[in-house]
Amino acid sequence: MNNLTMQKSGVACWTIGQHAQKNIIPAIENCDSVDLIGAYTRNENVLMSVCSETGCKKYSDEQELLLDPDVDLVYLSSPTGIHYEQIKKCLTAKKSVLVEKTALTDLQDVNEIIALAKSNGVLVMEAFMYRFHSQFKRLQELLKSNKYGAIVRIECEFGFPHLPKDNIRYSKALEGGSLYDAGAYTLSAAQLLLGHHPDVKWARRCSEAGYEVDTFGNAILVNDKNQIALCNWKFGASYINQIRIWLEQAHIVVDRAFSKPETYQSNIVVYHNGKVEEEIISGTDNHFVNMFSYINNIIMTSNFELEYQQIYDQVKTIKAVVECKS
């Protein structure tokens, strides 16, 4: 592994969309634990712009990227429909992979990918950045403390107005759709907060007229303690980005739970009998930078098992939603 004496991981970006330009590349540059080594995308104008602005290597093709000994981690922000082949190429080249949601949609594929990652001693991880924000960490700590009793119900909701129809989220061929985008966040959070291996008990995916992919959906997850999570997601509605948790002795509201700028003053509000019982200030934070610090740490320690399990559980849940007969 390169940079071992410096305890830093070299990162290369493969495909560079707006999200990567706006959030990921700046996070890599601002993270002390990683170095931006190079980038590759078929859009020559974008590639030239990014490499010129950052001073990183401009790869002529994917093979040059995969053969670069300075690269430890490949960040993939391509559409879901081409993730499987790209991830395989990276792992075969003994590169760790951080892949945007939804990483994979088939259990056979994820089992193969995890086995390949294990055999090559590298990481495969899905880029749910919200996990690494101080707000979500404080929420997990609050629930673990049992300060307000056990969970009665969790509600996770993520939705926003329609984007232009040529956005890749609306492409069936590239495995777009609301489940694999906004829905993936809600399902991921529901699993982490419920714990105890929740199962999908009911789900549906729906499409509006004029769209070839699902534009909204819902799911109910139940764990082995008989605690429940309701997940709701939608393209084409007023913006919502929230987690609400009903406890035995309080009700928690977490606004901007999944996505927020680093300048956002985050908090967690606890209500009891309709009045504010407590406000937990989690403040500003950059969950993208935190995510890369975390990744570097587990690459340096080869501590990959948690992330293997996370990506498997997410694919299992996504698959259960797809196959559910509502």
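Bear in mind that the values in this text are calculations on the coordinates, not laboratory data. Keep in mind it's a predicted model, so treat the numbers as computed, not measured. Using ideal geometry, Cβ is built from the backbone for each residue, glycine included, and neighbour counts are taken over all protein chains shown.
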Problem - Folded to 0 to 90 degrees: helix 287-301 orientation relative to the chain principal axis, Cα - result: 60
Completion exercise
Going fewest to most other Cβ atoms within 10 Å around each Cβ, 71, 253, 200 line up as 253, 200, 71
Problem - Stokes-Einstein diffusion coefficient of segment 112-175, Kirkwood radius over Cα pairs, 4 °C, 1.567 mPa s, in µm²/s - result: 79
Exercise for the section: Two decimals is fine: what is log10 I(q)/I(0) at q = 0.27 Å⁻¹ for segment 254-321, from a Debye sum with one equal scatterer on every Cα and no solvent? Expected result: -1.05
Exercise for the section: Measure off 7 Å from each Cα along the Cα-to-Cβ vector at residue 199 and residue 67, then give the distance between these two points in nanometres to one decimal. Expected result: 5.0
Completion exercise
Between residue 275 and residue 237, the FRET efficiency computed from the C-beta separation at R0 = 30 Å comes out, to the nearest 0.05, as 0.50
Handout entry: Efficiency of FRET from Cβ geometry, residue 325 and residue 106, R₀ 25 Å, rounded to 0.05
Key = 0.85
Problem - Gaussian network model of the chain, Cα within-10 Å springs - most flexible of 287, 19, 83 - result: 19
Practice task
Let me know the whole percent of all Cα-Cα pairs from segment 4-128 that are separated by more than 18 Å.
Solution key: 49
Handout entry: Sites matching trypsin sites (Lys or Arg not before Pro) across segment 117-185 that sit in DSSP coil, with at most 14 neighbouring C-beta atoms within 10 Å
Key = 147, 165, 172
Fill in the blank from the handout: Simple spin-label estimate for residue 88/residue 153, 7 Å along Cα→Cβ, in nm, reads 4.4
Fill in the blank from the handout: Of all DSSP beta bridges with both partners in the chain, the antiparallel percent, nearest 5, is 60
Problem - Given 118/147; 137/325; 144/260; 94/225; 137/172, the pairs whose alpha carbons are separated by over 32 Å - result: 118/147; 137/325; 94/225; 137/172
Handout entry: Nitroxide proxy distance, nm - points 7 Å out along Cα→Cβ at residue 116 and residue 52
Key = 3.5
Practice task
For segment 1-70, take the alpha-carbon Rg, divide it by the Kirkwood Rh, and send me Rg/Rh.
Solution key: 0.95
Fill in the blank from the handout: Using alpha carbon centers only, segment 76-106 is separated from segment 274-323 by a whole-angstrom value of 18
Practice task
Please quote Rg/Rh for segment 219-279 to two decimal places, taking the Kirkwood radius as Rh and restricting both calculations to Cα atoms.
Solution key: 1.01
Exercise for the section: Place a label point 7 angstrom from the Cα of residue 225 along the Cα-to-Cβ direction, then list the residues of segment 127-158 whose backbone nitrogen is under 19 Å away. Expected result: 136-156
Handout entry: Hull volume in cubic angstrom per residue (convex hull over the Cα atoms of segment 161-209)
Key = 105
Handout entry: Compactness of the chain as Cα Rg over 2.2 N^0.38 Å, two decimals
Key = 1.00
Practice task
Mind grabbing the base-10 log of I(q)/I(0) for segment 134-284 at q = 0.15, 0.21 Å⁻¹? Debye formula, identical points on the C-alpha positions, no solvent, two decimal places.
Solution key: -0.80, -1.28
Practice task
Report, in degrees rounded to the nearest 10, the 0 to 90 angle that the Cα long axis of helix 184-194 makes with the longest principal axis of the chain.
Solution key: 60
